[in-house]
Amino acid sequence: MSEESFRIAVFPGDGIGNEITEPCVELMQRAVAVSGGRSLTFEWLEAGADTYKKTGTALPEASVAAARAADAILLAAMGDPAIRYPDGTEIVPQIDMRFILDLYAGVRPVRTIPGVRTPLADPRTADIDFVLVRESTEGLFAPEGRGEVTAERGTDSMIVTRKGVDRVSRFSFELARSRKRQGHRGKLELIDKANVFPSLAFMREVFDAAASDYPDIETGHAYVDARAMQMIQRPWEFDVMVTENMFGDILSDLGAGLMGGLGFAPSADIGDDHAVFQPCHGTAPDIAGKGLANPTAMFLSGAMLLEWLGERRGEAGTRAAGRLIREAVDDAFRGGDLVTCDIGGDAGTATVAKAVSDALEARLG
């Protein structure tokens with residue numbers, strides 16, 4: 001492996017994982033080659049339900065070690081409802097990795113793609129472009145907050161720490177500041193339920209303290225139930241939102257719905273030292289191997305990876321490669337003729353991959 005290459009750890013996972021990963025890797029390599037970015041070396045790693053079925057381990061230590069050593073991590077999807085742990089829970093090593101690598105900021109962009117049908121008729125839907133940041137290591141998902149169940153009751157704990165809130169708040173302020181430089185509003189809102197939960201009132205207190213260090217960023221608060229309604233009524237008004245883990249889990253799927261579905265929704269889980277980029281959807285075992293999977297979310301996750309890596313390493317060409325992929329996706333769908341299987345069309349994986357690849361080449365031409 002060349003020392004000049006960026007090393008990308010790849011987890012194709014289960015179900016449709018391999019089907020959407022291979023064209024994504026090809027697209028990333030082509031975009032980097034023409035944008036003058038540093039070359040990429042991909043290392044394919046095992047993890048997931050199939051790995052568990054074969055080896056008894058869902059996330060091998062060797063895979064974790066390779067991911068730690070990589071410059072960035074690309075993950076397709078993991079899990080299979082038919083393959084579970086002895087206690088009946090599903091196999092989700094992608095969640096385990098958030099805690100292992102301390103990936104505390106779950107970044108969920110919500111941006112409509114020209115030509116993709118969405119459930120909202122308002123023409124302002126075309127202007128939807130906001131980011132939801134989900135605190136990913138605490139809240140109701142915190143490992144130390146695992147609940148207990150007796151014959152008569154079940155309990156869960158919400159864990160919110162000053163350190164956790166402060167770092168995800170500052171991450172979100174920096175993101176809002178970066179977006180402001182790009183022409184966005186420059187507003188960050190905390191989404192909580194501070195009127196009911198003392199832990200979330202504490203979260204608001206820590207968020208407000210961090211806000212004092214970002215006087216250039218407009219701040220606000222909203223209750224999660226009200227914001228869920230507003231995301232349907234006027235989603236084009238928002239910029240950046242940060243919230244607790246479970247609330248983020250729910251709102252991010254609502255955001256995906258605004259875009260047309262999970263097949264168009266990319267994401268990243270980012271920490272101080274590592275970052276994982278993956279589509280928001282699952283493994284879709286019912287269509288695995290049929291060539292029907294929508295690879296768009298995977299392509300956009302690859303674009304996010306390149307932009308993050310280029311920004312982190314000061315590589316303008318790598319950042320440009322990510323932007324080129326995102327623009328190629330827009331161009332491919334813009335006319336409205338490319339309609340994927342998950343939203344009622346007949347464009348499968350290969351068709352979408354070719355359309356995006358052709359759009360990329362057309363931009364170069």
Legend entry - strands (runs of 3 or more DSSP E) fully within segment 1-116 counting 1 or more residues that are touching a Pro at 6+ places or on another chain (Cβ under 7 Å): 40-44, 72-77, 105-111
Legend entry - Given (1) of a type outside the set (D, E, K, R); (2) surrounded by fewer than 19 Cβ atoms within 10 Å (Cβ to Cβ); (3) touching a residue at least 40 places away in the same chain (Cβ under 8 Å), number of the condition SER301 does not satisfy: (2)
Legend entry - Among (1) crowded, with 17+ Cβ neighbours inside 10 Å; (2) modelled with pLDDT under 95; (3) over 30 Å from THR55 (Cα atoms), the one test that PRO119 misses: (1)
Legend entry - Complete set of residues in segment 126-160 that are among the β-branched types (Val, Ile, Thr) and either on the phi > 0 side of the Ramachandran plot or buried (at least 16 other Cβ atoms within 10 Å of the Cβ) (or both): ILE128, VAL131, VAL133, THR137, ILE159, VAL160
Legend entry - Sole exception among (1) in contact with a Lys or Arg (Cβ under 9 Å, 6 or more places away or on another chain); (2) within 24 Å of PHE141 (Cβ to Cβ); (3) assigned by TED's automatic domain parsing to the domain that holds CYS341 for PHE299, by number: (2)
Legend entry - Residue ID - nearest to GLU138 (Cα to Cα), chosen from residues in segment 212-232 that are in contact (Cβ under 8 Å) with a residue 12 or more places away in the chain and aliphatic (A, V, I, L, M): VAL224
Inset, instruction - Return the only residue of THR57, THR41 being touching a residue at least 40 places away in the same chain (Cβ under 8 Å) and among the β-branched types (Val, Ile, Thr). - result: THR41
Inset, instruction - Could you check, for segment 274-286, whether at least one of its residues is in the same structural domain as ASP50 (by TED's automatic domain parsing), under 21 Å from GLN182 (Cβ atoms) and hydroxyl-bearing (Ser, Thr, Tyr)? - result: no
Inset, instruction - Would you point out which residue out of PHE141, PHE130 is touching a residue at least 12 places away in the same chain (Cβ under 8 Å), closer than 25 Å to ASP330 by Cβ and outside any helix (DSSP H, G or I)? - result: PHE130
Inset, instruction - Find all pairs meeting these conditions: Cβ atoms under 8 angstrom apart; at least six residues apart or on different chains; first residue within segment 233-249 and modelled with pLDDT under 95; second residue assigned to a helix (DSSP H, G or I) and surrounded by fewer than 24 Cβ atoms within 10 Å (Cβ to Cβ). - result: none
Inset, instruction - Looking only at segment 158-211, count how many residues are assigned to a helix (DSSP H, G or I), in contact (Cβ under 8 Å) with a residue 24 or more places away in the chain and within 26 Å of ARG146 (Cβ to Cβ). - result: 14
Inset, instruction - Looking only at segment 65-80, decide whether some residue is free of Cβ contacts under 8 Å to residues at least 12 places away in the same chain and farther than 24 Å from ARG326 by Cα. - result: yes
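The values are calculated or read from the model by the stated rules, or taken from the named source; none is laboratory data. Remember, it's a predicted structure, so these values are computed and weren't measured experimentally. Heads up, the Cβs are rebuilt from the backbone with ideal geometry, glycines too, and the neighbour counts pull from every protein chain shown.
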